[in-house]
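Notes follow the structure.
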Amino acid sequence: MCGATRVDDERKGNKPMLRILGRVCYGLSGASILLSLGSQFLMTNTLAKTRFLRGKTLTTPRSERLSIFFGLWAPTFAIVGKILEDAAREMELKQGKFGAIANNSYDTAEQQTLAAAGR
């Protein structure tokens with residue numbers, strides 16, 4: 001009964017929640033990079049317009065720190081996304097989604113090869 005439900009879910013296009021969360025984390029990683037670049041660009045342009053030195057690039061320590069703060073979240077989100085996708089893949093293997101791999105046919109084939117070799 002449980003296997004039929006999983007097959008029905010796959011036909012409907014439902015993906016495991018961990019895999020979806022992993023992809024959301026990848027998206028947050030990209031958004032963090034864009035937010036970092038955007039905040040640096042917007043702070044620089046805002047300061048350049050409000051000061052008399054329009055031809056020079058102006059940055060303040062605050063704008064740099066804010067950009068670095070946003071940018072440093074990117075690898076964290078990417079790592080969490082990878083961990084979640086790996087956990088989803090492991091759950092799929094345990095549930096038997098990939099058939100031969102879940103049944104440990106590689107282990108039995110290796111044992112047969114070793115038995116045939118006389119080890």
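The values are calculated or read from the model by the stated rules, or taken from the named source; none is laboratory data. Because the structure is predicted, anything quoted here is derived from the model rather than measured. Glycine gets a Cβ as well: all are built from the backbone with ideal geometry, and neighbour counts include every protein chain shown.
Structure above, values below:
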quantity	calculated
Matching residues, the stretch 22-38, being more than 13 Å from Thr76 (Cα to Cα) and surrounded by 17 or more Cβ atoms within 10 Å (Cβ to Cβ)	Leu35, Ser36
Residue match in the stretch 60-70 (condition: under 22 Å from the mean Cα position of the chain (by Cα), modelled with pLDDT of 70 or more and within 30 Å of Pro16 (Cα to Cα))	yes
